[in-house]
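Okay, so here's the structure we're looking at.
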Amino acid sequence: MIRINFREDEVEALKFERYHNASARIQQKMEALYLKSKGLPHNEICRICEISKTTLITYLREYQKGGIDKLKSETKYKGRVKEVKPTRMGYKYISEQAYA
């Protein structure tokens, strides 16, 4: 088990960021750490946050390395970049077919 001593100001920052950060992933990290600061066991945190134990340990280690700032900056998964493929038909052709 990873033990972390949280300062009161850190707990308040986690409490705020878990609902007010723009990134859902960072909100999830903050929620997991906030629950950890309240003394919940790891299996309960994983159940509530719907994350694996490995993911929780990753979050805890990130926090140990650099605190809340590290949690806010670290996101491995950036999401898939969606490319818009050009079409030969173009808008004019499609709109003509729709009203034909």
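What to note about this one:
- Whichever residue in the range 1-27 is in a helix (DSSP H, G or I) and of a type in the set (Phe, Trp, Tyr) and, among such residues, is most open to solvent (accessible area, probe 1.4 Å): Tyr19
- Any chance Met30 is open to solvent by 90 Å² or more (accessible area, probe 1.4 Å) and touching a residue at least 24 places away in the same chain (Cβ under 8 Å): no
- Among the criteria (1) hydrophobic (A, V, I, L, M, F, W, C); (2) part of a loop (DSSP other than H, G, I, E, B); (3) exposed (fewer than 15 other Cβ atoms within 10 Å of the Cβ); (4) free of Cβ contacts under 8 Å to residues at least 60 places away in the same chain, the one Ile48 does not fulfil is (2).
- Summed over the range 59-74, residues that are under 13 Å from the mean Cα position of the chain (by Cα), open to solvent by 70 Å² or more (accessible area, probe 1.4 Å) and not basic (Lys, Arg) total 1.
- Residue in the range 36-44 that is in a helix (DSSP H, G or I), hydrophobic (A, V, I, L, M, F, W, C) and open to solvent by 30 Å² or more (accessible area, probe 1.4 Å) present: no
The values are calculated or read from the model by the stated rules, or taken from the named source; none is laboratory data. Predicted model, so just to flag it, every value in this text is computed and none were measured. Every residue, glycine among them, receives a Cβ derived from its backbone with ideal geometry; neighbour counts consider all protein chains shown. Side chains included, ligands, DNA and RNA excluded: accessible areas come from the protein's heavy atoms. Shrake-Rupley method; radii C 1.70, N 1.55, O 1.52, S 1.80 Å.
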